[in-house]
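This report concerns only the one structure given below.
The values are calculated or read from the model by the stated rules, or taken from the named source; none is laboratory data. None of these values were measured; they are calculated from a predicted model. Heads up, the Cβs are rebuilt from the backbone with ideal geometry, glycines too, and the neighbour counts pull from every protein chain shown. Remember, those area values only see protein heavy atoms, side chains included, never the ligands or the DNA or RNA. Shrake-Rupley method; radii C 1.70, N 1.55, O 1.52, S 1.80 Å.
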Amino acid sequence: MLENILTLKKYSHKTKLTVKSIVAVSLVALAVVLPQIVHLAAGQAGGVTWLPMYLPVLLAGCLLGTSWGLAVGVASPLVSFALTSLWGSAMPAAARLPFMIAELAVFAAVSGLFSKNIFKNGLFAFAATALAIVCGRAVFMLSVIVFQSVAPFTPALVWSQIQSGLAGAAAQAVLVPLVVMAVRRLMLKDNND
């Protein structure tokens with residue numbers, strides 16, 4: 001979506017690259033900080049319920065498109081793991097990291113597929129977010145089923161976590177599109193006047 005808006009406003013390639021880089025880095029930073037805040041406020045169960053790292057990644061896909069969103073989706077758990085490991089409590093845990101990378105990559109890629117449509121009509125952000133959540137969670141479950149002989153958790157445990165995260169997924173399915181539509185409206189304001 002941002003690419004289309006910046007092109008519409010006739011920004012140079014360098015400016016577009018700078019803006020997308022700033023947004024991507026900011027969203028990765030948010031994906032590191034937001035889970036820390038949620039875990040401080042609501043404990044580990046809060047993370048499973050509210051899925052705080054998902055929000056910035058879903059935003060990245062909708063705003064930045066598939067490629068940039070995918071980079072944010074892969075980088076977010078890696079950066080979080082690296083930084084939180086330094087503090088002695090890796091988040092996500094090492095055993096969960098590869099599964100989370102796959103899940104978040106799917107979130108970003110699927111929501112990113114809608115980016116051009118969101119530029120045309122902000123309501124597409126609802127479909128983008130909902131489909132991305134369903135596909136990402138399905139990939140997580142499928143990955144655990146395929147690798148259950150080496151995974152430290154079972155499909156039953158993952159299914160339980162998916163159920164526990166329904167409130168967070170539902171909240172994000174509404175919140176992410178509202179944020180995306182607000183950003184879209186703000187950025188297109190001059191063109192609509």
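Quick one: in the range 71-88, which of the residues that are in a helix (DSSP H, G or I) and more than 18 Å from residue 61 (Cβ to Cβ) is least open to solvent (accessible area, probe 1.4 Å)? If you could, list the steps in order and put the result at the bottom.
If we filter the range 71-88 for residues that are in a helix (DSSP H, G or I), which is where we start, we get 71-86.
Retained after the next criterion (residues that are more than 18 Å from residue 61 (Cβ to Cβ)): 81-86.
Values: 81: 54, 82: 53, 83: 71, 84: 2, 85: 50, 86: 139 Å².
My answer is 84.
Within the bounds of the range 9-30, is there any residue that is open to solvent by less than 10 Å² (accessible area, probe 1.4 Å) and part of a helix (DSSP H, G or I)?
no
Would you tally the residues in the range 117-143 being closer than 15 Å to residue 106 by Cα and among the hydrophobic types (A, V, I, L, M, F, W, C)? Step through it out loud before you land on a result.
Initial filter on the range 117-143 (closer than 15 Å to residue 106 by Cα): 127-143.
Next cut, among the hydrophobic types (A, V, I, L, M, F, W, C) only: 127-128, 130-135, 138-142.
So the count comes out to 13.
Among (1) in a helix (DSSP H, G or I); (2) among the hydroxyl-bearing types (Ser, Thr, Tyr); (3) more than 14 Å from residue 60 (Cα to Cα), there is one condition residue 111 misses while meeting the rest; what is its number?
(3)
Among all residue pairs at least 6 apart or on different chains, which show Cβ distances below 6 Å where the first residue, located in the range 167-178, is free of Cβ contacts under 8 Å to residues at least 40 places away in the same chain and the second is open to solvent by 10 Å² or more (accessible area, probe 1.4 Å)?
Filtered contacts from the range 167-178: no entries.
Residues are listed down the side, and each one gets a yes or a no for (1) of a type in the set (Gly, Ala, Ser); (2) over 22 Å from residue 23 (Cβ atoms); (3) at pLDDT below 95:
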{"site": "134", "(1), (2), (3)": "no, yes, no"}
{"site": "148", "(1), (2), (3)": "no, yes, yes"}
{"site": "166", "(1), (2), (3)": "no, yes, no"}
{"site": "177", "(1), (2), (3)": "no, no, no"}
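Filter the range 103-119 down to residues that are among the aliphatic types (A, V, I, L, M) and free of Cβ contacts under 8 Å to residues at least 40 places away in the same chain and give me whichever is most open to solvent (accessible area, probe 1.4 Å).
Checked the range 103-119; the qualifying residue most open to solvent (accessible area, probe 1.4 Å) is 106.
Can you tell me which condition residue 46 does not meet? The list is (1) surrounded by fewer than 17 Cβ atoms within 10 Å (Cβ to Cβ); (2) at pLDDT below 95, and all the others hold.
Among (1) surrounded by fewer than 17 Cβ atoms within 10 Å (Cβ to Cβ); (2) at pLDDT below 95, residue 46 violates only (1).
Could you tell me which of the residues 34, 6 is under 16 Å from residue 73 (Cβ atoms) and either surrounded by 14 or more Cβ atoms within 10 Å (Cβ to Cβ) or among the basic types (Lys, Arg) (or both)?
Details: 6 fails: under 16 Å from residue 73 (Cβ atoms).
None of the other options fit; the residue is 34.
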